[in-house]
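Let me begin by presenting the structure, written as structure tokens, before commenting on it.
The values are calculated or read from the model by the stated rules, or taken from the named source; none is laboratory data. Since this is a predicted model, take the numbers as computed values, not measurements. Cβ placement follows ideal geometry from the backbone for every residue including glycine, while neighbour counts extend to all protein chains displayed.
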Amino acid sequence: MTKFVLVIWVCSFLGGQKCLAPIESSVLYDSWYECSRAAHQESLKIMSKLGYTVVNKDQIAMKYRCKESSTI
């Protein structure tokens with residue numbers, strides 16, 4: 001059965017694109033849909049923690065990937 005693992009990068013788009021090391025979720029999602037929805041929810045949590053000032057000053061945005069993970 002195919003599952004999906006969420007990987008999120010926190011990136012600054014100020015003067016180019018520079019991203020921190022990827023954050024890989026320990027949760028396995030049953031579908032691309034569930035993984036993609038989780039990516040947006042987690043991105044909002046991360047942005048909220050960073051705060052309005054940092055996100056604006058450093059032009060922070062998230063990149064994500066839902067990568068397939070074959071399970072037995």
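Laid out as a table, the results:
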quantity	calculated
Residue, nearest to TYR29 (Cα to Cα), within region 43-72, restricted to residues that are hydrophobic (A, V, I, L, M, F, W, C) and out of contact with any helix residue (DSSP H, G or I) (no Cβ under 8 Å at 6 or more places or on another chain)	ILE72
Pick from region 57-72, criterion surrounded by 10 or more Cβ atoms within 10 Å (Cβ to Cβ) and not charged (D, E, K, R), ranking: farthest from GLY15 (Cα to Cα)	SER69
Looking only at region 21-72, and only at residues there that are β-branched (Val, Ile, Thr) and farther than 29 Å from MET1 by Cα, the one that is farthest from the chain's Cα centre (by Cα)	THR53
Identity of the residue in region 2-23, out of contact with any Lys or Arg (no Cβ under 9 Å at 6 or more places or on another chain) and either within 15 Å of LYS67 (Cβ to Cβ) or among the aromatic types (Phe, Trp, Tyr) (or both), that ends up modelled with the lowest pLDDT	THR2
Residue, surrounded by the most Cβ atoms within 10 Å (Cβ to Cβ), within region 16-47, restricted to residues that are without any contact (Cβ under 8 Å) to a residue 24 or more places away in the chain, of a type in the set (Ser, Thr, Tyr) and not in a helix (DSSP H, G or I)	SER25
Test: SER12 is surrounded by 16 or more Cβ atoms within 10 Å (Cβ to Cβ) and over 9 Å from the mean Cα position of the chain (by Cα)	yes
